[in-house]
1. Over the alpha carbons of the range 283-369, what is the largest minus smallest coordinate on each principal axis, giving the biggest first in Å?
2. Packing-wise, with mean Cβ within 10 Å as the measure, how do 156-164, 398-406 rank, highest first?
3. Roughly speaking, what % of Cα-Cα pairs in the range 381-463 are separated by over 22 Å, rounded to a whole number?
4. Show me the three semi-axes of the equivalent ellipsoid for the range 343-397, from the C-alpha gyration tensor (sqrt of 5 times each eigenvalue), largest first, rounded to whole Å.
5. Report, please, the projected area of the range 310-432 averaged over directions, based on the convex hull of its C-alpha atoms, in nm².
6. Could you tell me the center-to-center distance, by alpha carbons, between the range 341-368 and the range 265-323 in angstrom?
7. Please compute P(r) over all alpha-carbon pairs of the range 424-474, binned at 10 Å starting from zero, and give each bin as a whole-number percent.
8. Taking 0.36 nm per residue of separation and subtracting the Cα-Cα distance, what length does fully extending residue 208 through residue 60 add?
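Nothing in this text is a laboratory measurement; each read-out follows from the coordinates by a stated rule. Nothing here was measured: the structure is a model prediction, and the numbers come from that model. Methodologically, a virtual Cβ is constructed for each residue, glycine included, from the backbone with ideal geometry; neighbour enumeration extends over all protein chains shown.
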């Protein structure tokens, strides 16, 4: 189980926003005092950065030197192994060309938009931050060695004034490439490799609309429109020596199986998500707005080092949970309703993706509990099936059987389990797959088939659900408006071992969920639970 670490002063600030009137929260890192405490003053606050021997190191601190931040030798060695593996998949003499993502701006301004590195470039180079670069990986003529070359834009004083410094030719030691050249040399390099008739592997989609597309995709400098980067337009120009979309399939084969270093980063991403989920559940109370929970989650993740959210969060109260990709996140959640939160964080390029459903008031109603326990059974059994040799399709079929049986038993679909499955009658209530691959992208990677057998290092989500909309009158009235999904991130282990559930420390059993919901608020008003808040009345 992942350890839970208090969110300290940030948590105090959050509680002060959601506590009932008349309660004041004072931050402390040592104890929690109830309103009946003999002390009339809050404990002294320890300022951020001050010595605190009891404080557990943050995720960033614990992983120092092993983060994929573009400057870690540990991670550069990891990327070198990836480059070697990729070049073993191509013919001798091949050149692979990979661009970094382009920095975009707010239209009509010089204000940069949040940057996300292109996953293939990051995977092969370890360069995560904003960068104006192209990587060239050259396989030797005998196929025994790889030359890693980076073309980087020179520093521009005017741009630096507006957007800050970027890695460039001056940073060869940091970048750890075999050769770093100015980006201005790139067009002549492309002409040279085509003159030599060397095989070139690239992904045309990555160059679509890219500033360097005319150099890469047309060495004769014919201007290409943005919609002419497809094979039919390029082959007459470049000839058959260029393989246009092979790169994606090759790199996806590598990305599908995570290395121990990648799993370590994904554990960290899941740990941050775990703490944020536990805090959001612990601060839940009736009449909160979905937006409060959404903002709370993102704040907690970002303060722990997450760069961004890997996808728009779903925070859906009541009937909203029956919309799979609900995005309003702005409605009040009333006592007696459930809230479904599907959220995760992006930590140095690796995503977590978790879903929990809990009663905002802390107690399931009988119908809610019944539906929840059916979904929980499917969740539990499907996670146990994430072992070597099984496939995502196998696990999905298992979930369909279990949830179809639940629909039959509850009388939501008045047919036998077999008939529900054969006729697809479960689909209105369970319309999605049991899960997806997970890694650098939320669906990582989408090109790998669901019939591929799991191997050690495969990472996937398991997320069964049942959605019973309020306006479907065929559903018995007691179940209408209930939407439940449970999702965890799972690593397939080798040697017959049980799978590792990265998000296992987030409550999921009924009793655990009910105990967690509102527990931090209970502590704030004198419940006596250990925590990081000192509370006193005004």
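1. 42, 23, 21
2. Top of the packing list down: 398-406, 156-164.
3. Result for the distance tail: 32 percent.
4. That gives 26, 21, 7 Å for the three semi-axes.
5. If I average the Cα hull's projected area over directions, I get 9.2 nm².
6. 7
7. 21, 41, 24, 13, 2
8. The residue 208-residue 60 span can extend by a further 49.8 nm.
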